[in-house]
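Below is one structure; the comments refer to it alone.
The values are calculated or read from the model by the stated rules, or taken from the named source; none is laboratory data. Not measured: the values here are computed from a predicted model. Please note: Cβ atoms are built from the backbone with ideal geometry, for glycine as well, and neighbour counts cover all protein chains shown. Protein only, heavy atoms only, side chains kept; ligands, DNA and RNA dropped before computing areas. Shrake-Rupley method; radii C 1.70, N 1.55, O 1.52, S 1.80 Å.
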Amino acid sequence: MRLFSTVFAFLLGFATLAQAADAKVYHLTLATTWGEQVPFLGTAPADLAKLVDTMSNGRLKIRVDSPNKHKAPFGVMDMVKAGQYDLAYTASYYYKGKDYKLVFFTTVPFGMLISEQYAWYNYGGGKELAAKVYGEHGLISYPMGTTGMQMGGWFKKEIKSLADLQGLKFRIPGQGGEVMAKIGVTAMSTPPGELYTALERNTIDAVEWISPVFDLAMGFPKLANYYYTGWQEPASEIQLLANKKKMDTLPADLRAILETAVATVGSQLMNQATNANANAWANISKDYPNVKVQQFPADVMAALKKAAKEIEEEQAAKDPVFKEILESQRAYIAKVRPWTLMGEYGYLKQLEK
Ligand code: CA
């Protein structure tokens, strides 16, 4: 009996110790690229923090700092690398100046659609390539939502041929801007806060921004009537970047909670984006009946495709890992695109009959 009670007391003590270890609260800091005023991208980190707190019963806390606080919206990746923050919410392609191949984990001109890109990432080798690329930076990257298809931009004049683009002052940043510059456009990188005035005063002739919900908020439908469909950013994926060393200090259950919450908030963001774009487009087409949705003519598209390919080949010649990812994505598109075309695209085409 005495032995039993000794063992019992020992086990009880052990259980109490285990509970004490479980009760330890872990703290992470998150620097985000977008302020809270930005539709859904601005609120996703707070949603993540709240979900993680609930799922972990208060054992994992995330403090979210907006750009107002950390002052470096496009410096968040570096801050996580340096250990100044544990997490960053941002888009990989903002850092192409540091490592060009990061573009593949957001979106690339003439790249995959959302469903294709997630299939590539999860089942076509994308995740392993991301681990390789981000591992070199001491980071782990988690997909955390997508803003989806982007539009090709707002133009004051209709683009009837490649000749109409020559010297046109078009605000288009990133890889799309590099491609446009190659075909004769004067690619501008006007800061977001000056875009409306620049377009109004003809300092720029056209502007590429995001999609209806963001474009409406910028006021572009008031100033330009031709809204071109996209080619440059077909599946903009947003990332949560994590400091690898810090992640290794988290117990396995809290790490699983964080990863599950990231996937949940990411999926929510994708649905929010679809819903918000649908609402915004309904408003634009009602309030601005002069706005016409246009497609670039065939000679423009042919020139864009050729220029995009040249840029990819230039990068591939410089960096074998860029080449590896490029080939992985091209091979996956060759496999998945026939299904996209016969499935969803075939369905929509058939409905038009
Ligand atoms: Ca854009």
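Data overview
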item: Rounded if a/c under 1.5, otherwise prolate or oblate - region 230-353, Cα gyration tensor axes; result: oblate
item: At R0 = 41 Å, FRET efficiency that the Cβ-Cβ distance of K156 and A252 yields, to 0.05; result: 0.15
item: Within-13-Å neighbourhood charge of L341 [Cβ basis; K, R +1; D, E -1]; result: +1
item: Rounded percent of accessible protein surface that carbon and sulfur make up, region 171-241, 1.4 Å probe; result: 51
item: Whole-number accessible area per residue in Å² for region 260-305, which is evaluated in the context of all protein chains at 1.4 Å; result: 54
item: Under 5 Å, built H, 5+ apart or other chain: amide partners of V185; result: G167
item: Accessible area, probe 1.4 Å, largest first, for residues T43, T147, T249; result: T249, T43, T147
item: Whichever lysines have a C-alpha closer than 25 Å to that of K50, once near sequence neighbours (fewer than 8 apart) are set aside; result: K24, K61, K69, K71, K81, K244, K245, K246
item: Antiparallel DSSP beta bridges within the chain, as percent of all bridges there, nearest 5; result: 50
item: Percent of Cα-Cα distances greater than 25 Å, calculated over region 54-193; result: 43
item: Relative intensity, log₁₀ I(q)/I(0), of the chain from a Debye sum that treats every alpha carbon as a point, q = 0.10, 0.14 Å⁻¹; result: -0.67, -1.24
item: Highest-fluctuation residue, G125, G148, G174 considered, GNM on the chain with Cα pairs under 10 Å; result: G125
item: Restricting region 79-165 to trypsin sites (Lys or Arg not before Pro) in coil, as DSSP defines it, with at most 15 other Cβ within 10 Å; result: K98, K156, K157, K160
item: Whole-angstrom gap from region 271-332 to region 199-267, using each part's C-alpha centre; result: 14
item: Span-rule helices in the chain, defined as complete DSSP H runs reaching 27 Å or more along the axis (Cα) with Kyte mean at least -0.5; result: 2-22, 252-287, 298-318, 320-340
item: Whole-Hz ³J(HN,Hα) from phi, Karplus 6.51 cos²θ - 1.76 cosθ + 1.60, for region 28-35, glycine and proline x; result: 10, 10, 10, 9, 10, 6, 10, x
item: M144 long-range amide H proximity, modeled H, under 5 Å; result: I238, Q239, L240
item: Region 48-83-region 119-192 distance, computed between alpha-carbon centres (Å); result: 26
